[in-house]
Amino acid sequence: MRLLAIETSCDETAAAVMHGAQLLANTIATQEIHQLYGGVVPELASRAHVQRLVPIVQHALSQAQLSLTDIDAVAVTYGPGLIGSLLVGVSFAKALALQLDVPLLGVNHMEGHLFSTNLKPAGPEPPFLSLIISGGHTILTHVREWGKYEILGQTQDDAAGEAFDKVAKILGLAYPGGPAVEKLAATGNPRAIEFPQARLKKTPGSPGQRFAFSFSGLKTAVLYYARKLSAAELEKQKADIAASFQFALINALVENVALAHAQFHTRAIALAGGVACNKTLCQAFMELSEQRGFQLHFPEPIFCTDNAAMIARAAQFHLANGKRSPLTLAPDPGLVLA
Ligand code: KG4
Ligand code: ZN
């Protein structure tokens with residue numbers, strides 16, 4: 001089956017073509033306009049998707065050396081995400097499926113991230129734990145089977161990537177902040193400043209929050225620390241602030257995942273989402289994997305951040321199991337993993 005997948009849930013316009021296990025094309029247009037505003041402006045994102053989606057799909061098809069009529073199914077992210085952005089992708093995919101008279105499948109963006117470690121052979125097989133760390137989400141999931149997910153913990157406030165982006169803003173760095181903070185942190189001392197790490201009460205009785213995360217306290221601590229400094233002092237300490245913030249955030253993630261692993265003892269743990277591009281973070285999880293004896297999986301950076309290849313991979317699984325979406329498919333901005 002030659003599958004065309006479309007992803008427009010936030011600020012990346014992306015299309016991918018898959019044929020069996022082979023990824024024939026993976027194209028992404030990052031919307032740079034948001035850098036001017038220090039964050040994603042939803043209406044600008046929708047408008048940019050409208051302009052870019054057709055050329056991106058054409059580019060994916062030409063990369064795959066296929067034409068539209070070779071496509072056997074269309075998959076599209078239908079949530080969670082920004083409503084305007086989702087509407088563009090979903091409407092486009094429906095029109096295409098109708099015109100080509102091929103099956104349509106709506107894919108959960110978070111499930112796409114879960115599948116992102118399985119775009120190459122030897123990805124993790126269930127049961128395993130997956131930590132999705134992105135700009136909008138921080139979710140620890142027990143993947144019992146593909147298609148059967150138990151959320152073990154989510155952030156109670158800011159997502160990990162959001163914390164990176166906000167700290168970048170405090171330090172005067174460009175959006176998206178994660179890569180900029182990581183680069184600056186490499187020149188700083190992670191133990192220079194002791195920023196607080198949220199210690200949340202573990203609530204075994206509350207499903208979905210047994211291993212909750214919180215990053216707004218850490219972000220606020222960075223803000224208060226930076227505010228007390230003169231412009232010259234801030235400039236001098238910037239790298240140490242970035243390194244110390246990154247150290248505290250990574251420790252919080254590692255500690256929580258270690259606690260979950262002590263309970264579930266899975267053979268594998270996967271990292272996914274934009275923050276999983278962070279090399280210091282991957283190194284910390286590699287150390288944990290050696291201590292606790294699990295296999296660590298993380299996608300290549302291009303598959304960590306939002307992309308349509310992961311949507312194609314998730315769709316492939318569901319299409320093979322006979323799942324289809326009706327042409328009345330509507331975006332669901334608040335869709336959860338289930
Ligand atoms: O998965 P993603 O592309 O989009 C969402 O679904 O949110 O993740 C984007 C997030 C941004 O917050 C960005 O700052 C962060 O991932 N990010 C990083 C790095 N690269 C991207 N955070 C830390 N270190 C990085 N190297
Ligand atoms: Zn994402």
- Task: Please tell me if residue 45 is away from ligand 2 (no atom under 16 Å from the Cβ), buried (at least 16 other Cβ atoms within 10 Å of the Cβ) and in a helix (DSSP H, G or I).
- Result: no
- Query: Taking only pairs six or more apart or across chains, which ones have beta-carbon atoms under 6 Å, a first residue in the range 158-177 that is within 16 Å of ligand 2 (Cβ to nearest atom), and a second residue that is assigned to a helix (DSSP H, G or I) and of a type in the set (Val, Ile, Thr)?
  - Reply: 160/275; 161/275; 164/181
- Query: Is it true that residue 134 is surrounded by fewer than 22 Cβ atoms within 10 Å (Cβ to Cβ) and among the hydroxyl-bearing types (Ser, Thr, Tyr)?
  - Reply: no
- When the range 150-190 is examined, which residues are found to be closer than 17 Å to residue 272 by Cβ and part of a loop (DSSP other than H, G, I, E, B)? 159, 176
- Message: Condition (residue is part of a loop (DSSP other than H, G, I, E, B) and either within 16 Å of ligand 1 (Cβ to nearest atom) or modelled with pLDDT of 95 or more (or both)) applied to the range 232-250: is it met by at least one residue?
- Response: no
- Across the range 1-42, the tally of residues that are surrounded by 15 or more Cβ atoms within 10 Å (Cβ to Cβ), assigned to a loop (DSSP other than H, G, I, E, B) and touching a Leu at 6+ places or on another chain (Cβ under 9 Å) stands at 6
- Take residue 314 and decide whether it is closer than 30 Å to residue 106 by Cα and part of a helix (DSSP H, G or I). yes
- Of all residues making up the range 295-338, the number that are hydroxyl-bearing (Ser, Thr, Tyr) and in contact with an Asp or Glu (Cβ under 9 Å, 6 or more places away or on another chain): 1
- Sort out which residues of the range 120-149 are away from ligand 2 (no atom under 16 Å from the Cβ) and either part of a loop (DSSP other than H, G, I, E, B) or under 13 Å from the mean Cα position of the chain (by Cα) (or both), and write them in order of number. 120, 121, 122, 123, 124, 125, 126, 127, 146, 147
- Is it true that some residue in the range 257-269 is more than 30 Å from residue 183 (Cα to Cα), assigned to a loop (DSSP other than H, G, I, E, B), at pLDDT 95 or above and not β-branched (Val, Ile, Thr)? yes
- Message: Against the conditions (1) free of Cβ contacts under 8 Å to residues at least 24 places away in the same chain; (2) near ligand 1 (Cβ under 9 Å from one of its atoms); (3) charged (D, E, K, R), where does residue 182 fall short? Just the number, please.
- Response: (1)
- Message: Consider the range 282-311. How many of its residues are over 19 Å from residue 139 (Cα atoms), assigned to a loop (DSSP other than H, G, I, E, B) and either in contact with a Ser or Thr (Cβ under 6 Å, 6 or more places away or on another chain) or within 13 Å of ligand 2 (Cβ to nearest atom) (or both)?
- Response: 1
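Table: residues versus (1) surrounded by fewer than 14 Cβ atoms within 10 Å (Cβ to Cβ); (2) farther than 25 Å from residue 12 by Cα; (3) of a type in the set (Asp, Glu).
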{"site": "269", "(1), (2), (3)": "no, yes, no"}
{"site": "274", "(1), (2), (3)": "no, no, no"}
{"site": "279", "(1), (2), (3)": "yes, no, no"}
{"site": "283", "(1), (2), (3)": "yes, yes, no"}
{"site": "286", "(1), (2), (3)": "yes, yes, no"}
{"site": "291", "(1), (2), (3)": "yes, yes, no"}
{"site": "303", "(1), (2), (3)": "no, no, no"}
{"site": "331", "(1), (2), (3)": "no, no, no"}
{"site": "335", "(1), (2), (3)": "no, no, no"}
- Could you list, in sequence order, the residues of the range 26-40 that are more than 22 Å from residue 304 (Cα to Cα) and among the aliphatic types (A, V, I, L, M)? 36
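The values are calculated or read from the model by the stated rules, or taken from the named source; none is laboratory data. Keep in mind that this is a model prediction, so the values were computed, not measured. Heads up, the Cβs are rebuilt from the backbone with ideal geometry, glycines too, and the neighbour counts pull from every protein chain shown.
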